[in-house]
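Chemist: Before we start, here is the structure in question, set down as structure tokens.
The values are calculated or read from the model by the stated rules, or taken from the named source; none is laboratory data. Computed from a predicted model, the values in this text were never measured in an experiment. Here the Cβ positions follow ideal geometry from the backbone for every residue, glycine too, while neighbour counts run over all protein chains shown. Protein only, heavy atoms only, side chains kept; ligands, DNA and RNA dropped before computing areas. Shrake-Rupley method; radii C 1.70, N 1.55, O 1.52, S 1.80 Å.
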Amino acid sequence: MSTAAPADIQLDASGRLRHFLTVEGLNRELLVRIMDTAESFASVTAQNVKKVPLLRGKTVVNLFFENSTRTRTTFELAAKRLSADVLNINIATSATSKGESLLDTIRNLEAMHVDMFVVRHAQSGAAHFIARHVAPHISVLNAGDGRHAHPTQAMLDVFTIRRCKGGFAGLKVAIVGDILHSRVARSEIWALNALGVDEVRVVAPKTLLPAHVESLGVVPYHDLSEGLRDVDVVIMLRLQLERMGSAFIPSEHEYFQRFGLTGRRLEKAKSDVIVMHPGPINRGIEIDSAIADGPRSVILQQVTHGIAVRMAVMSMTMRAGSDMEAAA
Amino acid sequence: MSQADLDVDALLTRLEDALREVLARRRLDAPAMIGVHTGGAWIAEVLHRRLGFSEPLGYLDISFYRDDYPQSGMNPDVRASKLPFRVDGRNIVLIDDVLYTGRTVRAALNEIFDYGRPAEIVLGVLIDRNGRQIPIQADCAGGRVELEPGQRIKLTGPEPLQLAIRTGGR
């Protein structure tokens, strides 16, 4: 954390969000402030006009080097509900279009006087790289970079937990599945621990857990029924089939037999357990359809909350004129 | 300006009387009340109880409608707006603590109209002070004060509700 600390670049001199690149390193107060702001935005959907004029006249660019319909759509809706203009740019990623060509893209967009980049990229660190090189008035939001981070997903997950459970104290949370390839898991583990849950468990076959995972502040389990015992929250992760070659799991069928979330296994958890999944769901591979669509599932609430959380980080990071001058 | 002029109880009573008079004169049936966070909401809670409105009290946080967001950024203490009634066709009593520049009321009116099209809106404020920057006036006020440009009047609460005049700074 000491060299080029990733947390530093996203805060301004007075500790306010300037970019939103990762939740790692953000303190509890700031995480709570993001959730409180999202809570206020959740009420905007009760209006006839589901829009507030906060970012009127600002331009948000969705810069997606990797496809993700849901994430792009919710960022776009969030920006539009803040009255910003939105530009969607899908850039097919290739091994050669990196480095200078990426910066050229950024410079061209800057010349069009845009105000915010929402960046999705297959390479870890892409959003940080852009944040280090943009003009001072531009904010960068990380919409997922490689295996590294997906901070708005982590925030919408903890926001969903807070809305369903009222808080974090005393909660036992199990994160189940492909921890190794997940860009959400690390962010989530940090956020849950910073917010003071009782225990974070990770449940996965050894091949899908990073080495020394305990050092992240979690308790590892290799048996799903054991890992679900008495938990309040289950966060299922998508099996990133496109990111793994062979050898990680024997077969999808066998994975479901051992790590698929079924009604029988969920009985081990507390009776008011909530089941979460960042989507898209691999039905019958990591989760039984009856659970995904059942009464314990809050998967669609997560989607709704994603818009409020993205409105919150957009409004908090958009550069204010006054401290732009102070920073200049 | 003496401290006696800032007696919140007396100001509340005068505002309550003025609102009763206006509601009767304009024949505003089944009105709903909205308080502006934070001070206006405290005042509205008292008036809502005293006037015996049947609709639950509504709350507005106008942070998302402020006109100074481009200069000062996001209000870190934003609360949720909550209007637990239909706005369309409704008579509304909008309550704030201090009417000063008029910008807060402008923002509140814009937000109310994003919820629907009200029939009539009555603006009631505890204190009407000089310094308007846009043409907005209160229908009812508990009291009026003249202050120097550098002076601010601040309501603290909710228990007890107290008014104080401060000079300089924010």
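Chemist: Name the residues in the stretch A:194-217 that are in a helix (DSSP H, G or I) and either modelled with pLDDT of 95 or more or open to solvent by less than 40 Å² (accessible area, probe 1.4 Å) (or both), would you? Walk me through how you get there before you give the answer.
Modeler: To start, the set of residues in the stretch A:194-217 that are in a helix (DSSP H, G or I) comprises A:194, A:206-208, A:213-216.
Matches in the stretch A:194-217: A:Ala194, A:Leu208, A:Val213.
Chemist: Still on this structure, I have one more. Do we find that A:Ala143 is at pLDDT 90 or above and either under 10 Å from the mean Cα position of the chain (by Cα) or over 26 Å from A:Arg18 (Cβ atoms) (or both) in this structure?
Modeler: On the way: at pLDDT 90 or above: yes; either under 10 Å from the mean Cα position of the chain (by Cα) or over 26 Å from A:Arg18 (Cβ atoms) (or both): yes.
So A:Ala143 fits the description; yes.
Chemist: Looking at this structure, is B:Pro149 farther than 22 Å from A:Lys80 by Cα, open to solvent by 50 Å² or more (accessible area, probe 1.4 Å), modelled with pLDDT under 95 and in contact with an Asp or Glu (Cβ under 8 Å, 6 or more places away or on another chain)?
Modeler: In short, no.
Chemist: Of all the strands (runs of 3 or more DSSP E) wholly in the stretch B:1-112, which have at least 2 residues that are polar (S, T, N, Q)? Even if it seems obvious, please write down each step before you answer.
Modeler: Working: elements: B:32-36, B:58-60, B:91-99.
Qualifying strands (runs of 3 or more DSSP E): none found.
Chemist: Do the conditions hold for A:Gly25, that is, is it in a loop (DSSP other than H, G, I, E, B), surrounded by fewer than 17 Cβ atoms within 10 Å (Cβ to Cβ), within 22 Å of the chain's Cα centre (by Cα) and modelled with pLDDT under 95?
Modeler: Yes; evaluated as a whole, the condition is true for this residue.
Chemist: On to the next question. Spot the failing condition for A:Ala143; the list is (1) under 20 Å from A:Glu66 (Cβ atoms); (2) surrounded by fewer than 24 Cβ atoms within 10 Å (Cβ to Cβ); (3) hydrophobic (A, V, I, L, M, F, W, C), and only one is missed.
Modeler: Result: A:Ala143 passes all but (2).
Chemist: Right, next: Please specify each residue of the stretch A:218-243 satisfying the condition of being open to solvent by less than 40 Å² (accessible area, probe 1.4 Å) and within 21 Å of the chain's Cα centre (by Cα).
Modeler: Scanning the stretch A:218-243 gives A:Val218, A:Asp232, A:Val233, A:Val234, A:Ile235, A:Met236, A:Leu237, A:Leu239, A:Gln240.
Chemist: Please identify the pairs in which a residue from the stretch A:150-171 that is closer than 15 Å to A:Met311 by Cα has its Cβ atom under 6 Å from the Cβ atom of a residue that is of a type in the set (Lys, Arg) and at pLDDT 95 or above, counting only partners at least 6 apart or on another chain.
Modeler: Once the first residue is closer than 15 Å to A:Met311 by Cα and sits in the stretch A:150-171, its partners that are of a type in the set (Lys, Arg) and at pLDDT 95 or above give A:Thr152/A:Arg310.
Chemist: Please indicate, with yes or no, whether at least one residue in the stretch B:157-170 is farther than 17 Å from B:Gly39 by Cβ, open to solvent by 70 Å² or more (accessible area, probe 1.4 Å) and hydroxyl-bearing (Ser, Thr, Tyr).
Modeler: Yes, because at least one residue in the stretch B:157-170 is farther than 17 Å from B:Gly39 by Cβ, open to solvent by 70 Å² or more (accessible area, probe 1.4 Å) and hydroxyl-bearing (Ser, Thr, Tyr).
Chemist: Something else: Just a yes or no: is a residue in the stretch A:225-239 more than 24 Å from A:Leu156 (Cα to Cα) and in contact with a helix residue (DSSP H, G or I) (Cβ under 8 Å, 6 or more places away or on another chain)?
Modeler: Yes, the stretch A:225-239 has at least one match.
Chemist: Which number in (1) surrounded by 18 or more Cβ atoms within 10 Å (Cβ to Cβ); (2) closer than 17 Å to A:Gly306 by Cα; (3) more than 8 Å from chain B (Cβ to nearest Cβ) marks the one condition that A:Val32 misses?
Modeler: Condition (1) is where A:Val32 drops out.
Chemist: Same structure again: When only residues in the stretch B:32-70 that are among the hydroxyl-bearing types (Ser, Thr, Tyr) and crowded, with 20+ Cβ neighbours inside 10 Å count, which is nearest to A:Met318 (Cα to Cα)?
Modeler: B:Tyr69
Chemist: Filter the stretch A:3-18 down to residues that are at pLDDT 90 or above and in a loop (DSSP other than H, G, I, E, B) and give me whichever is surrounded by the most Cβ atoms within 10 Å (Cβ to Cβ).
Modeler: A:Gln10
Chemist: Moving on to the next point. Could you count how many residues in the stretch A:39-70 are more than 10 Å from chain B (Cβ to nearest Cβ) and modelled with pLDDT of 90 or more?
Modeler: So the count comes out to 6.
Chemist: Given the structure, is A:Met311 touching a Leu at 6+ places or on another chain (Cβ under 6 Å) and either within 14 Å of chain B (Cβ to nearest Cβ) or modelled with pLDDT of 95 or more (or both)?
Modeler: Values: touching a Leu at 6+ places or on another chain (Cβ under 6 Å): yes; either within 14 Å of chain B (Cβ to nearest Cβ) or modelled with pLDDT of 95 or more (or both): yes.
Judged against the criteria, A:Met311 is a match.
Chemist: In a helix (DSSP H, G or I), open to solvent by less than 10 Å² (accessible area, probe 1.4 Å) and more than 20 Å from A:Glu39 (Cα to Cα): which single residue out of A:Ala191, A:Ala185, A:Ala174 fits that description?
Modeler: After applying the criteria, what remains is A:Ala185.
Chemist: Ok, one more. List every residue pair whose Cβ atoms sit under 8 Å apart, with the two residues 6 or more apart in sequence or on different chains, where the first one lies in the stretch B:54-67 and is closer than 14 Å to A:Ala46 by Cα and within 14 Å of chain A (Cβ to nearest Cβ) and the second, anywhere, is acidic (Asp, Glu) and not in a loop (DSSP other than H, G, I, E, B).
Modeler: The qualifying pairs are B:Leu60/B:Glu111.
Chemist: Another question, then. Could you please find all residues in the stretch B:132-170 being of a type in the set (A, V, I, L, M, F, W, C) and either closer than 18 Å to B:Ala41 by Cβ or touching a residue at least 40 places away in the same chain (Cβ under 8 Å) (or both)?
Modeler: Result: B:Ala138, B:Cys140, B:Ala141, B:Val145, B:Leu147, B:Ile153, B:Leu155, B:Leu161, B:Leu163, B:Ala164, B:Ile165.
Chemist: So is B:Ala119 in contact with a strand residue (DSSP E or B) (Cβ under 8 Å, 6 or more places away or on another chain), within 14 Å of chain A (Cβ to nearest Cβ) and either in contact (Cβ under 8 Å) with a residue 24 or more places away in the chain or closer than 24 Å to A:Ser43 by Cβ (or both) or not? Talk me through it step by step, then tell me what you get.
Modeler: Values: in contact with a strand residue (DSSP E or B) (Cβ under 8 Å, 6 or more places away or on another chain): yes; within 14 Å of chain A (Cβ to nearest Cβ): no; either in contact (Cβ under 8 Å) with a residue 24 or more places away in the chain or closer than 24 Å to A:Ser43 by Cβ (or both): yes.
Spelling it out, it is not the case that B:Ala119 is in contact with a strand residue (DSSP E or B) (Cβ under 8 Å, 6 or more places away or on another chain), within 14 Å of chain A (Cβ to nearest Cβ) and either in contact (Cβ under 8 Å) with a residue 24 or more places away in the chain or closer than 24 Å to A:Ser43 by Cβ (or both).
Chemist: Name, by its number, the condition in (1) within 23 Å of A:Gly306 (Cα to Cα); (2) surrounded by fewer than 16 Cβ atoms within 10 Å (Cβ to Cβ) that does not hold for A:Lys58.
Modeler: Failed condition: (2).
Chemist: Let me ask something else. Quick one: in the stretch B:98-133, of everything that is of a type in the set (D, E, K, R) and closer than 20 Å to B:Phe64 by Cβ, which residue is least open to solvent (accessible area, probe 1.4 Å)? Step through it out loud before you land on a result.
Modeler: Quick first cut of the stretch B:98-133, residues of a type in the set (D, E, K, R) only: B:103, B:106, B:111, B:114, B:117, B:120, B:128-129, B:132.
Among the residues that remain, those that are also closer than 20 Å to B:Phe64 by Cβ are: B:103, B:106, B:111, B:114, B:117.
Numbers: B:Arg103: 97, B:Arg106: 73, B:Glu111: 3, B:Asp114: 31, B:Arg117: 173 Å².
Looking at the filtered set, the residue picked out is B:Glu111.
Chemist: Please go through (1) open to solvent by less than 40 Å² (accessible area, probe 1.4 Å); (2) more than 9 Å from every other protein chain (Cβ to nearest Cβ) for B:Gly73 and return the number of the only condition it doesn't satisfy.
Modeler: B:Gly73 satisfies every listed condition except (2).
Chemist: Restricting attention to the stretch A:266-305, report how many residues are more than 20 Å from A:Phe256 (Cβ to Cβ), part of a helix (DSSP H, G or I) and open to solvent by less than 20 Å² (accessible area, probe 1.4 Å).
Modeler: Total satisfying the criteria: 2.
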